[in-house]
Amino acid sequence: MGIDRRKFIKASGLAALGLAGLAPVKLFGTEDSTQAVSDSVSSRKEIGKPLEGKRWAMVIDINKCLREENCTACVTACHTAHNIPHFDNSKDEIKWIWKETFHNAFPEQEHEHLKDHLLEKQLPLLCNHCDNPPCVKVCPTEATWKRERDGIVMMDWHRCIGCRYCMAACPYGSRSFNWRDPRPFIDRINPDFPTRTRGVVEKCTLCEERLRIGQLPACVEACKAHAMVFGDLEDPDSEVRALLRENFTIRRKPSLGTHPEIYYIV
Amino acid sequence: MLEKALQGSKQYWGWIAFLFVIILIGTYNYVRQFQEGLYITGMSRDVTWGFYIAQFTFLVGVAASAVMVVLPYYLHNYKAFAKITILGEFLAIASVTMCMLFIFVDMGQPFRILNVFLYPSPHSLMFWDTIVLSGYLLLNVVISHVTLSAERKSIPPPKWIRPVIIISIPWAISIHTVTAFLYSGLAARPFWMTAILAPRFLASAFAAGPALLIILCLILKRISKFDAGDEPIEKLATIVTYAMAINVFFVLMEVFTALYSNIPEHVMHFEYLFFGINGKDFLVPWMWTSEFLAVVSLILLIVPSTRRKKRTLVIACITVFLSLWIDKGLGMVITGFVPNPLGTVTEYSPTLPEVLISIGIYGVGALLVTVLYKIALSVRKQLPV
């Protein structure tokens with residue numbers, strides 16, 4: 001863990017340098033740079049100005065997403081960037097972003113005469129980074145918390161005691177537990193991101209480590225259909241706000257009052 | 001007083017040796033789990049709590065049920081419970097200890113458990129559960145020690161202990177209420193999110209705990225000179241009868257609300273519990289057994305002649321205990337996760353190491369009960385010569 005941590009701290013330090021304007025390389029600094037290089041592992045070396053927002057959110061256009069049949073670019077990009085292991089036994093599975101049928105993603109919205117393309121195909125699901133996250137409320141050690149400055153629901157893998165109460169409380173199945181040591185099951189370790197130990201819970205952190213060096217979340221960057229748009233909900237001129245203004249969007253299980261910040265254009 | 005536990009017959013040492021064997025087997029399997037991870041259990045990404053947390057929940061009830069002897073004896077001065085009150089308190093101590101062990105073995109990072117105190121989080125019910133459980137353990141250790149020491153010296157217990165005992169009464173209610181709140185406050189799990197969960201927990205606890213106490217008293221009568229007497233046993237049987245009837249009534253309330261309202265996410269869990277979904281039906285035979293045992297026990301308890309006869313009363317108590325153990329120690333916790341919030345049915349059944357670890361913890365509980373009861377009986381000179 002020590003080496004991973006040191007590298008992590010080093011990356012944060014470099015990000016701070018970028019903030020001070022000492023690192024002039026700024027390739028992916030803006031939100032509309034979705035066409036940028038998709039090899040997330042190598043792109044970590046480019047240090048840009050941190051992306052700053054008061055309330056990060058994501059809008060996913062289901063129709064655009066479904067046009068790319070059987071595409072898993074977002075899942076691969078995320079799981080490569082974050083050292084997600086692959087287990088043969090699905091019960092041990094760890095996933096930060098994954099694809100699921102409309103029926104499973106929106107059980108309350110489903111009906112039998114739903115458009116065929118929605119019934120059959122799958123769309124991406126990830127942590128909703130809720131405004132009112134039930135997982136944070138139940139954590140007995142504050143190992144997971146909502147970051148005040150931008151609303152990201154964070155995880156501290158060094159503090160988590162592995163009680164899995166947050167997994168029981170999450171209405172979206174967004175959290176995974178390291179039932180066993182993940183390291184031998186990682187295809188190719190990304191040295192820029194920590195690996196986890198067994199016995200802790202993990203989940204999507206909206207690529208806060210990439211935002212710090214001016215990069216968009218790995219899934220957004222990797223999406224071939226440009227179906228995923230990331231931005232600041234508090235900024236009225238942001239692309240996410242424009243999309244929310246112009247389209248009818250839905251969120252998962254809104255009746256629970258969790259206020260998910262991942263929106264779906266149907 | 002501990003030296004009293006170090007003398008005993010061949011049978012006594014044989015029993016102790018047996019308990020040590022199952023504790024050792026449990027410990028060996030726990031070391032394996034600790035080294036390899038919780039993947040050696042049946043738990044999964046979808047069913048994240050299993051046998052351990054279910055046993056914890058069941059045993060919190062057994063611990064809380066001590067109040068059913070403490071309250072009549074101390075608050076209403078019901079003298080018939082004089083002999084068995086200490087047995088109830090000792091049972092509570094053993095149960096809370098088992099609860100803590102079950103939580104410990106369920107942790108992914110057990111050595112970080114002190115983080116609960118280093119970063120106290122009052123917004124988490126688990127924080128409050130830790131507090132009420134450790135408080136309840138402390139209360140029962142202090143109360144039983146002080147009262148038994150006084151009895152040993154044939155003097156009345158000190159006056160200051162009475163308010164402590166009075167506090168222990170609502171405290172017992174609190175441990176099971178807070179444990180129910182762990183579940184009933186989760187919007188993600190419709191099966192648990194019911195206001196009747198805490199009352200139901202208490203009702204089942206006040207049936208299962210005293211039923212176990214009756215069985216223990218009758219065993220003690222056979223193997224020692226201790227005789228609880230007919231009146232306390234009959235009174236305990238009445239408590240078991242009412243609590244079991246109320247528990248079944250509460251369960252039916254839940255079933256009605258879920259099935260008549262017909263909200264899919266509520267109905268699905270009951271469907272899984274009693275019929276299985278898509279052929280996935282691990283719990284189905286267990287749950288029907290539980291319901292069958294509940295009916296048998298209620299008949300045996302409500303009919304006066306079978307309740308009074310020791311032989312049929314024992315059967316009634318065993319059926320109550322088994323029925324509620326299946327209901328709480330298997331069905332209640334697991335079904336909250338099946339189907340998962342996305343509607344996927346992932347089944348769970350405990351693995352062999354998981355069961356052996358659990359049996360080991362029950363062994364620790366049985367060892368504590370044995371040693372503590374031996375001390376209590378030695379003080380009263382009721383041991384066989």
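Every number here is computed from the coordinates shown, using simple stated rules; none is lab data. All values reported here derive from a predicted model rather than from experimental measurement. In this analysis, Cβ positions are derived from the backbone assuming ideal geometry, glycine residues included, and neighbour counts consider all displayed protein chains.
The share of Cα pairs per 10 Å bin across region B:2-379, counted from zero up to the longest distance, runs 5, 23, 33, 26, 11, 2, 0 percent.
With springs connecting C-alpha atoms under 10 Å apart, model chain B as a Gaussian network and identify which of B:ILE155, B:ILE359, B:ILE277 has the largest mean-square fluctuation. Taking springs between Cα atoms under 10 Å, the residue moving most is B:ILE155.
Binned at 10 Å from 0, what are the whole-percent values of the Cα-Cα distance distribution for region B:262-385, short to long? In order of increasing distance, the bins hold 11, 26, 28, 22, 9, 3, 0 percent. The trypsin sites (Lys or Arg not before Pro) of region B:304-350 that DSSP puts in a loop, and whose beta carbon has at most 16 other beta carbons within 10 Å, are B:LYS309. Need the list of lysines near A:LYS49 for cross-linking: C-alpha distance under 26 angstrom, and skip anything on the same chain fewer than eight residues off. Straight-distance partners of A:LYS49: A:LYS7, A:LYS10, A:LYS26, A:LYS146, A:LYS203, A:LYS224.
In the protein assembly as shown, with Lys and Arg counted as +1 and Asp and Glu as -1 at Cβ, which of these residues, B:LEU352, B:GLY229, A:HIS82, has the Cα nearest the positive end of the dipole, that is, farthest along it? So the residue we want is B:GLY229. Helix B:310-326 and the longest principal axis of the Cα set of chain B meet at an angle near 40°. Expressed as a whole percent, how much of the Cα-Cα distance distribution for region A:154-219 exceeds 19 Å? I get 39 percent for the Cα pairs in region A:154-219 exceeding 19 Å. Between the Cα long axis of helix B:284-302 and the first principal axis of chain B there is an angle of about 40°, rounded to the nearest 10.
Nearest 10 degrees, 0 to 90: what angle lies between the long axis of helix B:230-261 and the longest principal axis of chain B (Cα atoms)? Long axis of B:230-261 versus the principal axis of chain B: about 10 degrees. Sorting B:THR57, B:THR346 from the fewest to the most surrounding beta carbons within 10 angstrom yields B:THR346, B:THR57. With a threshold of 24 Å on the Cα-Cα distance, the over-threshold entries among A:LYS95/A:LYS137; B:LYS10/B:LYS79; B:LYS280/B:LYS328; B:LYS153/B:LYS225; B:LYS10/B:LYS374; B:LYS235/B:LYS310 are B:LYS10/B:LYS79. Annotation note: GluC sites (Glu not before Pro) in region A:67-130 located in DSSP loop regions with a Cβ neighbour count of at most 10 within 10 Å are A:GLU69, A:GLU112.
By the count of neighbouring beta-carbon atoms within 10 Å, fewest first, A:PHE106, B:PHE58, B:PHE111 end up ordered B:PHE111, A:PHE106, B:PHE58. How big is D for the protein assembly as shown, in µm² s⁻¹ as a whole number, if Stokes-Einstein is applied with the Kirkwood radius of its Cα pairs at 37 °C and 0.692 mPa s? Reported coefficient: 121 µm²/s. Ignoring aspartates and glutamates fewer than eight residues from A:LYS253 along the same chain, the ones with Cα atoms less than 16 angstrom from its Cα are A:GLU100, A:GLU108, A:GLU110, A:ASP131, A:GLU261, B:GLU265.
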